[in-house]
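A short write-up of the structure that comes next.
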Amino acid sequence: MNRILATAGTEFRIALRNRWVAIAVALMALFSLVLSAAGSAPSGGLGVDRLSVTVASLTSLSVYLVPLLALLMSFDAIAGEVERGTLPLLLTYPVARWEVLLGKLIAHLAVLSLAVVVGYGLAAGAALLVDPASASGLPALWRLTWSSIALGATFIGVGYALSALARRPSGAAGLAVGVWLGLVVLYDLGLLAAVVADSGGWFTTDVFPAALLANPADAFRLYNLSASQATAAAAGVGGAANAIPLWQSLASVLLWPLAALGLATAAFGKVTP
Amino acid sequence: MNSTLTISALTKRFEAVAALTDVTFSVAAGERVALLGHNGAGKSTMMKIMLGLIAATSGRVEVCGAAPGSAEARRQVAYLPENAAFHPALTGLEQIRQYLSLRGENPAQAMGLLEQVGLGHAARRRIGTYSKGMRQRVGLAQTLIGTPRLLVLDEPTSGLDPVSRRDFYELLDGLAARGASILLSSHALTEVEARTDRILILSKGRMVAEGSLAALRRQAALPVALSVTPAPGQAAALAQALPGAVAQGDLLTLSVAQGDKLAALARIAGLGGQVADLDVLPPSLEDIYSHFSRRDGQ
C-alpha cells in the first residue's frame, strides 16, 4: 500500500510540475463556464431548472473532453518510462507492475477529478446564482460528477494500455488520438448512419443498444441522459436509445474502468525493458 | 550456498544472434568482481538476466538463493543501470525518497544517502539540471538503500572524474567489507583500477578469462619493455651492446619475456657508464585486456 501511495505522490508531483494539473483544471473550468453562459438563454421556456439544463450541456461536453484529458495524461505513462530509460531500474525494485499502474492511476485520476469538480462546480454555482430552483438538479450533478470520474478512469486505463503497446511516446500519442476519434466521434456517426440505413429493422432493435453499451463514452451519455430524463431530446443517440434500461448503462459505466485497468495490466505485463 | 550469485551454462540468443554462450561463474559474499568486455560483448544482457528483466534461453541462474526477478531476489539486489536516467521534473531528494518508499525504507534517509555520494548540495534541484556525473551519483545513491546482498552495477564509473571514481571505489570497499557482493561492468581494465578481487573478461558473449589481476598478468605472459637512455655520445655503442633494441628518438627500447627480465637488467647494469637511465615498463592494463579480448575470433 505504501508503495502504491508513494508512486501516486511522485506521479502527482510530476503532473503538477508538467503543468498538467493547471491545464486540466483551466480547460474544464473554461469550457464549463462557456457552456453555462451559452445555455442560459432558452431555459425559461422548457420549464426545467437551470442546473438540470447545465448538467445536460455538461454531459455533452464531458463525453468529448474527459476522455481527451484522460488520454493526454496517460499515453506517456509507460512509453515515457521506456524512452527515458527509467523502466529497467523501476522493475528491479520489489514492486509489482500492477502496483506501479495503480499508483499512476490514483495520481492521474486525482488530477482529472480536481478538474471535473472545479469545472462542474463553477457551472453549478453560476446556475444556482441565477435560478434558486436549481437545487432540484443537484442529484443529476452528483451523478454526472462521479460518472465523469469513472469515464476518466476508463480512458486513463485505455491510455496505459496503448502506452504499453506502443512503447514509444510518439506512437502512443498517435494511438491515443486514434482511439479518441474512433470511440468518441466516429463510433456515433457510424451507428447513426447504420440506424438510418436500417430504418427500424433488426440492427436498430438488437445490435444498436448493445453497441451503445459497449462503448464507454456512449454508456456514460446514456446513463446521464436517461437518469435525468429532463433532456432526452438533447442528443439524438440518447433519444434513440430510450429503450435501454438504466441499470444496463450504469453497469457499463461501472465495469468499463475495471476492464480498462485489466487491459492495461495485461499490456504492461508484456513489456520487456 | 555461500555464493550470492551462481550462473551456470548460461546462454542467451536473440533470434539468430548469440548474445551469451555457455557462461559459468559465481560471486561469493563480500567479493568484488569486475566484468569486462568491449561494447556488445554481452555484459548488459547478462546483468539484465540476473535481474530478471529478460529471460535466459538456457542455463541456470540463482540470485541470493532465489530465481532472478522473484520478489525474494529483488528485495536483496540493487541495480545501477548503464546511463542511469530519472524523471527530469523531480529533484534528487524526491527521487531517492520515492525509491526508499518502494523498498519499504524510511524516506527520511534520502538526504543522508545523497550526502554519502556527495550530492547533498544539489539535493533540492531538479534532476533535469544535473550533469551526467551527478545523475550517475543519484543512481549510485539508490543502490545504497537498505542492505542489498548483491549490487549489480553497469558501467558505474562512466561519467565520473578521477576523484569521484576513487570515492566510488571507497564506497564499494565499505559495502564489500559489510558482506555485500559486487558485480560491476566496464569496457576498460584501467577503469576498474585493480580495485576488484576478481576480473571476468567477456568477448562476443563468451567468457575468455577469469582471475585476479596478477593471475591474468601471469597468464597473458606479455613481454616487459625496458627503456634505456644512453649516456651522451654512447648511443651507437649501446645499440651494438644490446642487440634487438629498437631506437625511439634518443631512447632504446628492449622487449623481453617475463622470465628473461632479471637477466636483461643485469646485462644493462653491467654496461656501467654507457647507460644514463633505465625504466622498466610492465605491460599496461590495456595491453593485458586487449590480449584476452582479442584472442577470441581473430
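Derivation of every value follows stated rules applied to the coordinates shown; laboratory data play no part. Since this is a predicted model, take the numbers as computed values, not measurements. All Cβ positions, glycine included, derive from the backbone under ideal geometry; neighbour counts span all protein chains shown.
Between helix A:50-74 and chain A there is an angle of about 20 degrees, using the helix long axis and the longest principal axis of the Cα atoms. Placing unit charges on the Cβ atoms only, positive for Lys and Arg and negative for Asp and Glu, gives the protein assembly as shown a dipole magnitude near 420 debye about its Cα centre.
Shape class of the range A:88-176 from the Cα gyration tensor (axes a ≥ b ≥ c, square roots of the eigenvalues): prolate, since a/c reaches 1.5 or more and a/b is larger than b/c.
5 Å is the cut-off here: which amide hydrogens, built 1.01 Å from N in the peptide plane, fall below it relative to B:L153, excluding neighbours closer than 5 in sequence? HN-HN under 5 Å from B:L153: B:L80, B:L183, B:L184, B:S185. Using only Cα atoms and rounding to the nearest 10 degrees, what angle (0 to 90) does helix A:20-38 make with the longest principal axis of chain A? The two axes meet at around 10 degrees.
When the P(r) of the protein assembly as shown is calculated, the portion above 36 Å amounts to 53% of the C-alpha pairs.
Taking the longest Cα principal axis of chain A as reference, the axis of helix A:246-269 is set at about 20 degrees. For the residues A:V196, A:V117, A:V55, a GNM of chain A with alpha-carbon springs under 10 Å puts the largest fluctuation on A:V196. Structure remark: mean-square fluctuation, Gaussian network model of chain B, C-alpha springs under 10 Å; the largest value among B:V77, B:V17, B:V33 belongs to B:V17.
Farthest toward the positive end of the dipole of the range B:50-209, out of B:P156, B:G65, B:G92, is the Cα of B:G92, where the dipole comes from beta carbon charges about the Cα centre.
Distant-in-sequence amide contacts of B:S203, defined by a placed amide H-H separation under 5 Å and a gap of 5 or more residues or a different chain, comprise B:V208. Each of A:L246, A:L213, A:W180 was scored by the projection of its Cα onto the charge dipole of the range A:2-269, and the greatest displacement toward the positive side belongs to A:W180; charges sit on the C-beta of Lys, Arg, Asp and Glu. Of all the options B:I268, B:I199, B:I96, the one that moves most in a Gaussian network model of chain B with Cα springs shorter than 10 angstrom is B:I268. Helical content alone sets the calculated 222 nm signal of chain B at -9500 deg cm²/dmol, taking -39,500 (n - 2.57) per DSSP H segment of four or more residues and averaging over every residue. Shown in residue order for the range B:212-225 are the 3J(HN,Hα) couplings computed by the Karplus curve 6.51 cos²θ - 1.76 cosθ + 1.60 at θ = phi - 60°: 6, 4, 4, 5, 5, 4, 4, 4, 6, 6, 7, x, 9, 9 Hz (x for Gly and Pro). Dipole of the protein assembly as shown computed with +1 at Lys/Arg Cβ and -1 at Asp/Glu Cβ about the Cα centre; of B:T4, A:A79, B:A209, farthest Cα towards the positive end is B:T4. Using only the Cα atoms of chain A, build the gyration tensor, take square roots of its eigenvalues as a ≥ b ≥ c, and label the shape rounded, prolate or oblate: rounded if a/c is under 1.5, else prolate if a/b is larger than b/c, else oblate. Cα axes put chain A in the oblate bin.
Across the range B:223-282, the convex hull enclosing all Cα atoms gives 69 Å³ per residue. Distance between the C-alpha centres of the range B:237-290 and the range B:47-111: 51 Å, rounded to the whole angstrom. Pairs on different chains or at least eight residues apart, Cα atoms closer than 14 Å: how many lysine pairs in chain B fit? For chain B, qualifying lysine pairs total 4.
Per the Kirkwood formula applied to alpha carbons, the range B:34-132 shows a radius of gyration over Rh ratio, Rg over Rh, of 1.03.
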